[in-house]
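See structure below.
The values are calculated or read from the model by the stated rules, or taken from the named source; none is laboratory data. Please read all numbers here as calculations on a predicted model, not as lab measurements. Every residue, glycine as well, gets a Cβ built from its backbone with ideal geometry; the counts of neighbours run over all protein chains shown. All accessible areas refer to the heavy atoms of the entire protein, side chains included, with ligands and DNA or RNA removed. Shrake-Rupley method; radii C 1.70, N 1.55, O 1.52, S 1.80 Å.
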Amino acid sequence: MALFSILFYSACSKKDAVVPAPAPPATTILKDKAAFGIGAAVKSALLQGTYQTTVLTYFSQITAEYEMKMQTIWSGENNYNWSYADALVNFATTNGLNVHGHTLLWYQSFPAWFTNANYDSAAFESKVKVYIDAVVSRYRGKLKSWDVANEIFNDDGTLRSVNCPVYKTFKDPIAFYGRCFQYVRNADPDAKLFYNDYDVVIASSKRYSIKQMVSRFKNVGYPIDGLGEQFHYSINTDKTSIKSGLNDMATTGLLIHVSELDLKVNVTQSNTYVFSATDQQLQADAYQYIVETFEGLPTNQKFAITTWGVSDKYSWLTAGNAIEYPLLFDINFNKKPAYDGFLKGLK
Ligand code: XIL
């Protein structure tokens, strides 16, 4: 009998030993599951109620949708309007979110007083340097990263000339941008410095020019840490290009930021468009594909994925255009299938 008991108990305890502890339920929160930044572009005026709760629940970093653009901050030669940018940075600091600075130099965002002054190249650069010093040093230690320059190339790889004050002023615009990257590094040595553009994965000529610029910066010694690809695409965007383009960007060895992700569904811009269950699923699949592809990049190059907005209610794509549903949360801030697609794409 005693022997039976021993055998019985040892069989039980062996059995107990191999039963694994119950796994904690897998998280469904993007920022908790991801090993890299999960960002959203936000507008400071909207940061309250459900909008704010959604940002705080699901995201680990924010990008200012307009608050940190030159036009917003640089109200006059010696005047800076810090109120909007400060509000965002304070919100982030209080709530433990990272801030990605967007964007120091963008052809669309030079204030009118600046472009109207028609500065020669020396004056232009010394003013821009004063601006960079003021902005970057104000937020030094509070921002982890900056888009130093945004959209300087056309899709065919040539430098953007139309309405670009830098192109009009400098014989060698790339060298000017390189010096600006250096000014930013000097003002905040710890911030990661990005070049940001759109269509990078689908426009191979543009991508080539960006890579050439990166090589030139490296040769001359201008600092650059990362490349941002905006990712304003749709459910029809070619998946093969997304994959080969992202991998090609990563050959630079730089950090990669999917920086302004949103995916259009109303591709014909119809006024009678209905967001069908089929299109909701196609959008979920596209989000999943992009996130999975990003996950396939070398671990130390995965900087962040940022969606350009939070809820479909406030997307820049719906402002004045045909109806769109490009983001992860619907107009009532409920998770869409797109959210589940994103979540599934995370490792
Ligand atoms: C857009 C904002 O979303 C709008 O609210 C604003 O009116 C114009 O700028 N590429 C960029 C972003 O780098 O800064 C742009 O943001 C969208 C395209």
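Measure nothing fancy, just the Cα-based angle from helix 121-138's long axis to the longest principal axis of the chain, in degrees from 0 to 90, nearest 10.
The angle comes out at about 30 degrees.
Can you tell which of Val162, Phe217, Leu246 lies farthest toward the positive end of the dipole of the chain, using +1 and -1 charges on the Cβ of basic and acidic side chains (Lys, Arg; Asp, Glu)?
Farthest towards the positive end: Phe217.
Hey, can you find the accessible area per residue of the chain for me, probe 1.4 Å, expressed in square angstrom?
45 Å²
So, counting K/R as plus one and D/E as minus one, what does the shell of residues with Cβ under 14 Å around Tyr107 add up to?
Surrounding charge for Tyr107 is 0.
Just how far, in whole angstrom, is region 203-259 from region 14-85 if you go by their alpha carbon centroids?
Rounded to whole Å, the Cα centres lie 23 Å apart.
Please report, in Å, the Rg and the Dmax of region 167-240, where both are computed over Cα atoms only.
14.2, 42
What's the extension gain from Ala319 to Thr251 if we count 0.36 nm per residue and subtract their Cα-Cα distance?
Going from the current span to full extension adds 20.8 nm.
Anything over 27 Å Cα to Cα? Flag those among Lys171/Lys264; Lys129/Lys192; Lys142/Lys344; Lys206/Lys302; Lys144/Lys171; Lys142/Lys264, in the order listed.
Lys171/Lys264; Lys142/Lys344; Lys144/Lys171; Lys142/Lys264
If each residue of separation counts as 0.36 nm, what is the full-extension length gain between Thr50 and Arg216 once their alpha-carbon separation is subtracted?
Going from the current span to full extension adds 55.2 nm.
Explain nothing, just the number: relative contact order of region 130-218, from Cα pairs under 8 Å at least 6 residues apart, as a whole percent.
After rounding, I find 43 percent.
Could you pull out every one of the aspartates and glutamates with an alpha carbon less than 14 Å from that of Lys69, ignoring same-chain neighbours closer than 8 positions?
Those aspartates and glutamates meeting the cut-off are Asp86, Asp147, Glu151.
Among the GluC sites (Glu not before Pro) within region 64-100, which fall in a DSSP loop and have no more than 15 other Cβ atoms within 10 Å of their own Cβ?
When the GluC sites (Glu not before Pro) of region 64-100 are filtered for loop state and at most 15 Cβ neighbours within 10 Å, Glu77 remain.
Of all the accessible heavy-atom surface of the chain, with the other protein chains kept in place and a 1.4 Å probe, what percent is carbon and sulfur?
In the chain, the share of accessible area belonging to carbon and sulfur is 53 percent.
To test your reading of the geometry: what angle, between 0 and 90 degrees and rounded to tens, separates the Cα axis of helix 173-187 from the longest principal axis of the chain?
Once rounded, the angle reads 60 degrees.
Helix 2-18 versus the longest principal axis of the chain: what is the Cα-based angle in degrees, 0 to 90, to the nearest 10?
Roughly 20 degrees between the two axes.
Let's see if you can work this out: charge +1 on each Lys and Arg Cβ, -1 on each Asp and Glu Cβ, no other charges. What is the dipole magnitude of the chain about its Cα centre, in debye to the nearest 20?
Using only the charged Cβ atoms, the result is roughly 720 debye.
Give me the Debye-computed log₁₀ of I(q)/I(0) at q = 0.06, 0.09 Å⁻¹ for the chain, equal point scatterers on Cα only, no solvent, two decimals.
Those come out to -0.25, -0.52, one per q.
Which net charge results for the neighbourhood of Thr93, defined as the other residues with beta-carbon distances under 14 angstrom from its beta-carbon, given Lys and Arg at +1 and Asp and Glu at -1?
Neighbour charge sum, excluding Thr93 itself: +3.
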